[in-house]
Amino acid sequence: MTVSALTRPGERDRLIVKLGEIDWIFCLTVTLIAGAGAVMQFSIAGSSWTPWAAAHLARYALFFGIMIVLSVIDLRVWFTLAYPIYGLAFLLLLAVPVVGHGALGAKRWLQAGPIQVQPSEIMKIAMVLALARFYHGLSGKSAQLSWWLLVPAILILAPVALVAKQPDLGTAILMLLTGAMVVILAGLSWRIIAAGVLGAALLVPPVVMFGLHGYQKARLTTFMNPEADPSGAGYHILQSQIALGSGGLLGKGYGLGSQSQLNFLPEKQTDFIFATLAEEFGFVGCVSILLLYAAVIFMALRTAYLSHSHFGRLAAAGVTATFALYVLINGSMVMGLAPVVGVPMPLLSYGGTVMLTVMCGFGLVMAVRVHRYSEVTSGKGSLL
């Protein structure tokens, strides 16, 4: 399909039809969450568009356009590119320890001029695509068998190990859980699931004792008792809980949150922006945002359910699982229900790579919706 072909009436009509198939209510809901993020970043910067709010909105506008473009790509193209995208993401992960950019004691980014990319974020979508393609070719009975787990186990554990070594424990856990959910949704036997849960529980103590860095162990012990070191390791959790509790029912008011405005709350524009929102808009504001997240997750899962393609169902469900885990882990972390692992609140937090990953994932979800009546039978297909 060439660009000039799009000028023909038939191709334009097909494009218009595909654009009409996009769930624009879904797009509006996603935009409301991103808009709320800009509102909060404007507030915590002292009612200033810089350094966060303007950049957040500009990125969202660009990535929203990318999402729309991706949504009209035929599922057969996604199917064909699934393994190459995974391979590229894996190569980028391998490049991180060699030529990666380090910060705060971790090497997680690749730098190309002014552009900084976190390959682990790209791998989240790439892994979902690869797993969806693998299970697309299996029968329901084969997906239940334990020996078929070897391929998906390699697809999941290899990048997880590389990300954990960076070290980035939060992203590694999120990738592991996302991969496990795709495998389960593909039809894995409940006996194997139960055995896997039991095995994971038995592995936790030795992994914690011998596999974690010192600061990661400190995060776990701090999570259990943050008051033991209120000005050190427990500072993040305690300040977040103070911000959450002081907001009350309706909040202190826009721009009036003491913990965030006076810089007591660390990483207020990224990992702990939900606590900032709670302080200024209270319980009502938190519930409102969570309802928007729930609506996005529901609409995305509905798209997965309606797809006639097994590849489409698993891909959309896997992307939705990644998004839901972002929300769950960050919310639990901010409330002190989980250790601080550096997972942002999607679209609400400031950050380019995470937003790009989420919006590309949503582009895939919308592609599944637009082509929901198509059955992927080969790797061939046109872009429109």
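The values are calculated or read from the model by the stated rules, or taken from the named source; none is laboratory data. Nothing here was measured: the structure is a model prediction, and the numbers come from that model. Methodologically, a virtual Cβ is constructed for each residue, glycine included, from the backbone with ideal geometry; neighbour enumeration extends over all protein chains shown. The protein model used for the area step is the full one, side chains on, heavy atoms only, and it has no ligands, DNA or RNA in it. Shrake-Rupley method; radii C 1.70, N 1.55, O 1.52, S 1.80 Å.
Observations on the model:
- Förster-model FRET efficiency, 51 Å R0, VAL39 and LEU150, C-beta, rounded to 0.05: 0.60
- Lysine pairs in the chain whose alpha-carbon atoms fall under 27 angstrom of each other, counting only those eight or more residues apart or on distinct chains, come to 16.
- Label-to-label distance, nm, for residues given as LEU138 and LEU328 (7 Å Cα→Cβ offset): 2.1
- Label-to-label distance for LEU290 and LEU203 is 3.1 nm, based on points extended 7 Å past Cα in the beta-carbon direction.
- Extension gain (nm, one decimal) between ILE25 and ARG191, 0.36 nm per residue minus Cα-Cα: 55.8 nm
- In range of the label at LEU249: residues from segment 273-291 whose backbone nitrogen is under 19 Å from the point 7 Å along Cα→Cβ: 278-289
- Under the Karplus curve 6.51 cos²θ - 1.76 cosθ + 1.60, θ = phi - 60°, whole-Hz ³J(HN,Hα) for segment 153-159, x wherever Gly or Pro sits: 4, 5, 4, 8, 6, 4, x
- Computed [θ] at 222 nm, helices only, for the chain once each DSSP H run of length n ≥ 4 contributes -39500 (n - 2.57): -22500 deg cm²/dmol
- When the chymotrypsin sites (Phe, Trp or Tyr not before Pro) in segment 304-359 are filtered for DSSP coil states and for at most 15 other beta-carbon atoms within 10 Å of their beta-carbon, no site remains.
- Positive minus negative residues near GLY232 (Lys, Arg vs Asp, Glu; Cβ under 15 Å): 0
- Using 0.36 nm per residue and subtracting the Cα-Cα separation, the extra length available between PHE283 and TYR373 on full extension is 28.3 nm.
- Portion, in percent, of the accessible area of the chain that falls on carbon or sulfur, probe 1.4 Å: 72
- Summed residue charge, Cβ within 14 Å of SER260's Cβ, Lys/Arg positive, Asp/Glu negative: -2
- For the pair ILE115 and SER258, the difference between a 0.36 nm per residue extended length and the Cα-Cα distance amounts to 48.1 nm.
- Using C-alpha pairs below 8 Å separated by at least 6 residues, the relative contact order for the chain is 28 percent.
- Amide H within-cut-off set for ARG108, under 5 Å, with H built and near neighbours excluded: HIS101, ALA103
- Heavy atoms of the protein chains alone define the surface here; on that basis the chain has 46 Å² accessible area per residue at 1.4 Å probe size.
- FRET efficiency, TYR83 to ASP229 (Cβ-Cβ, R0 41 Å, nearest 0.05): 0.30
- Among PRO226, PHE272, TYR135 - extreme Cα towards positive end, dipole of the chain, charges at beta-carbon: TYR135
- For TRP49, the solvent-accessible surface with a 1.4 Å probe is about 140 Å², rounded to the nearest 10.
- Furthest towards positive pole of dipole, ILE16, LEU92, LEU292, structure part the chain, Cβ charges: ILE16
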